[in-house]
Amino acid sequence: MQVIINKSGTISDEQVSFIEEKMEKLQTFYDRIERADVHFRTDDRTKEADSITVIARLAIPGNDVAAEYTDPSLEKAVVEVQEKLRRQLIKVKERQSRR
């Protein structure tokens, strides 16, 4: 799986490795993931000036799955997005097995 990270600010190499690791773990739930696009932005629209929004989209056969989460901690936002994507992938897999 290819992991593409798009960022508007700066993130460290450790954070990039953390993100890639979390996105690649999703392959254990659905092995047909082709690509993960992860976008970051600092959210000026919220009350918390230091919040970071993480948006991830997984390219899979059929309809892609996507998730978004905002939190002051980049790591927590990535973990929450991963959890949302995991739940969606499980549902996709269940729907495919019923066919």
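The values are calculated or read from the model by the stated rules, or taken from the named source; none is laboratory data. Since we're looking at a predicted model, the values are computed, not measured. Ideal geometry is used to build each Cβ from the backbone, glycine not excepted, and the neighbour counts take in all protein chains shown. Ligands, DNA and RNA are stripped out before the accessible areas are found, and what is left, the full protein with its side chains, is counted by its heavy atoms. Shrake-Rupley method; radii C 1.70, N 1.55, O 1.52, S 1.80 Å.
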Open item on the list: What pairs come out if I take residues in the stretch 73-99 that are of a type outside the set (Val, Ile, Thr) and pair them with residues that are open to solvent by 60 Å² or more (accessible area, probe 1.4 Å) and at pLDDT below 95 whose C-beta lies under 6 Å away, six or more apart or interchain?
Closed with: Arg86/Phe29; Leu89/Phe29
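Mind checking whether some residue in the stretch 11-18 is among the hydrophobic types (A, V, I, L, M, F, W, C), assigned to a loop (DSSP other than H, G, I, E, B) and without any contact (Cβ under 8 Å) to a residue 12 or more places away in the chain? Spell out the reasoning first.
At the first step, the residues of the stretch 11-18 found to be among the hydrophobic types (A, V, I, L, M, F, W, C) are 11, 16, 18.
Within this subset, residues satisfying the condition of being assigned to a loop (DSSP other than H, G, I, E, B) are 11.
Of the ones still in play, those that are also without any contact (Cβ under 8 Å) to a residue 12 or more places away in the chain are none.
Among the residues of the stretch 11-18, not one is among the hydrophobic types (A, V, I, L, M, F, W, C), assigned to a loop (DSSP other than H, G, I, E, B) and without any contact (Cβ under 8 Å) to a residue 12 or more places away in the chain, which makes the answer no.
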TODO: Any chance you could count how many residues in the stretch 9-34 are open to solvent by less than 90 Å² (accessible area, probe 1.4 Å) and over 11 Å from the mean Cα position of the chain (by Cα)?
DONE: 11
- [ ] Could you tell me whether any residue of the stretch 38-53 is open to solvent by 80 Å² or more (accessible area, probe 1.4 Å), within 18 Å of Met1 (Cα to Cα) and assigned to a strand (DSSP E or B)?
- [x] no
Task: Hits in the stretch 61-87 (condition: open to solvent by 50 Å² or more (accessible area, probe 1.4 Å) and among the polar types (S, T, N, Q)) - done: Asn63, Thr70
